[in-house]
1. Residue by residue, what Karplus-based ³J(HN,Hα) values in Hz, rounded to whole numbers, does the stretch 85-101 have, using 6.51, -1.76 and 1.60 with θ = phi - 60° and x for Gly and Pro?
2. Residues of the stretch 47-80 with backbone nitrogen within less than 11 Å of a virtual label 7 Å along the Cα-to-Cβ line of LYS39, please, listed as ranges.
3. Excluding same-chain residues fewer than 8 positions from LYS39, which aspartates and glutamates have a Cα within less than 13 Å of its Cα?
4. Quick check on the chain: helices-only [θ] at 222 nm, where DSSP H runs of length 4 and up contribute -39,500 (n - 2.57) each and the sum goes over total residues. Nearest 500, please.
5. Report the extension gain between GLN63 and ASP50 in nm, rounded to one decimal, defined as 0.36 nm multiplied by the number of residues separating them, less their alpha carbon distance.
6. Between [x] 41, 33, 27; [y] 58, 37, 35; [z] 38, 31, 29, which entry matches Cα extents along the principal axes in Å as derived from the coordinates of this structure?
7. Taking 0.36 nm per intervening residue step and subtracting the Cα-Cα distance, what contour gain separates SER93 from ASP116 on full extension?
8. Using modelled amide H (1.01 Å from N, peptide plane; none on Pro or chain starts), what sits under 5 Å from the amide H of TYR102, excluding residues fewer than 5 places away?
Amino acid sequence: MSKILFVNASPNHDGNTAALAKAMLAGRDYEQLDLVDYKIYAYGQRFDDDQFDEVLQKIQQAQVVVMGSPMYWHNICGLMRNLLDRFYGPVGSGSLAGRKLYFVFQGAAPEKWMLDAGEFTMSRFAGLYGMDWGGMATTTSEAKKLGQTI
């Protein structure tokens, strides 16, 4: 079982989003799951090669989940949004209890309302599925500080 899972929604495996997670998780063993490497179709679509269940299984096996997204069009990127949408239906309310969720969110000169929207979405996601909300980091210093709470 993977104790810590980093779900990276950036198209870059080792980009700025991954760097924030790396700062947060410094000194810890963790698995990185890059959403760009999986076929997760949009909510309502049904295709045989969909890999949502594989990603969900990895999240269910983790004790700590760090989700990370770059900021595109003033909000969470499409890869992350699509993953969150897919939880609706197959994942029961409260079914991820006992796990802790953190969020790393980065973008070029984001405004406060953009960051607030990202934090609101992820904290609500955590609450809906029973996860303890650990918080959000948008800078390396915030990530390092938040990492101390893991």
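Where a number appears in this text, it was derived from the coordinates with a stated rule and is not lab data. Bear in mind that the values here come from a model prediction, so they are computed numbers and not experimental data. All Cβ positions, even for glycine, are placed from backbone atoms using ideal geometry, and neighbour counts span all protein chains on display.
1. Per-residue couplings from phi come out as 4, 5, 5, 5, x, x, 10, x, 4, x, 6, 10, 4, x, 10, 10, 10 Hz.
2. 47-52
3. Partners found: ASP48, ASP49, ASP50, ASP53, GLU54.
4. Helix contribution divided over all residues of the chain: -11000 deg cm²/dmol.
5. 2.2 nm
6. This structure yields the entry labelled [x].
7. The span from SER93 to ASP116 would gain 5.9 nm if fully extended.
8. VAL65, VAL66, MET67, GLY134
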